[in-house]
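Asker: Quick one: structure below, then a few questions.
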Amino acid sequence: MADSGPAGGAALAAPAPGPGSGGPGPRVYFQSPPGAAGEGPGGADDEGPVRRQGKVTVKYDRKELRKRLNLEEWILEQLTRLYDCQEEEIPELEIDVDELLDMESDDTRAARVKELLVDCYKPTEAFISGLLDKIRGMQKLSTPQKK
């Protein structure tokens, strides 16, 4: 028995927006797995796949995600300058923004970032102060709280 649908049975359909379309974006439909007939409103074996509309929820604030993405792009750009190399050639290091946000003060954050950049031969003070300015006021993006 071959399953021609995507993994998990989800298919993305983007209806043409029009008057009264009801929503700003694409809808997600979930296809019932084979042998699951009879779960729909009719309760009988329908011909073809049963499609029911699913609701996708966003657990993170889009604005915070955008800020985080912009920060990551800025960090990559700065690291390529600091290490004077292409993105692929940057030494393995992980600047964990959530870890930095958990720290008590800017001094401990700065010390942590300086520790991560120990191999960098260029001055890192401007990068560190810029990073601390950018993360000030950001929220952690770890596992969202259930309401």
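The values are calculated or read from the model by the stated rules, or taken from the named source; none is laboratory data. This is a predicted model, so every value here is computed, not measured. As a convention, Cβ positions derive from the backbone with ideal geometry for all residues, glycine included, and neighbour counts pool all protein chains shown.
Asker: In region 85-121, what residues are more than 20 Å from Glu73 (Cα to Cα) and part of a loop (DSSP other than H, G, I, E, B)?
Answerer: Met103, Glu104, Ser105, Val118, Asp119, Tyr121, listed by residue number.
Asker: Quick one: in region 82-122, which of the residues that are basic (Lys, Arg) and within 17 Å of Ile135 (Cβ to Cβ) is farthest from the chain's Cα centre (by Cα)?
Answerer: Lys114
Asker: Ok, one more. Name the pairs whose Cβ atoms lie under 6 Å apart, with the first residue in region 86-97 and touching a residue at least 12 places away in the same chain (Cβ under 8 Å), the second charged (D, E, K, R), and 6 or more positions between them or separate chains?
Answerer: Pro91/Asp119
Asker: Please go through region 130-146 and give me each residue that is out of contact with any Asp or Glu (no Cβ under 9 Å at 6 or more places or on another chain) and modelled with pLDDT of 90 or more, ordered by number.
Answerer: From region 130-146, those out of contact with any Asp or Glu (no Cβ under 9 Å at 6 or more places or on another chain) are 130-131, 133-135, 137, 143-146; that's our starting set.
Gly130, Leu131, Asp133, Lys134, Ile135 - these are the residues of region 130-146 that are out of contact with any Asp or Glu (no Cβ under 9 Å at 6 or more places or on another chain) and modelled with pLDDT of 90 or more.
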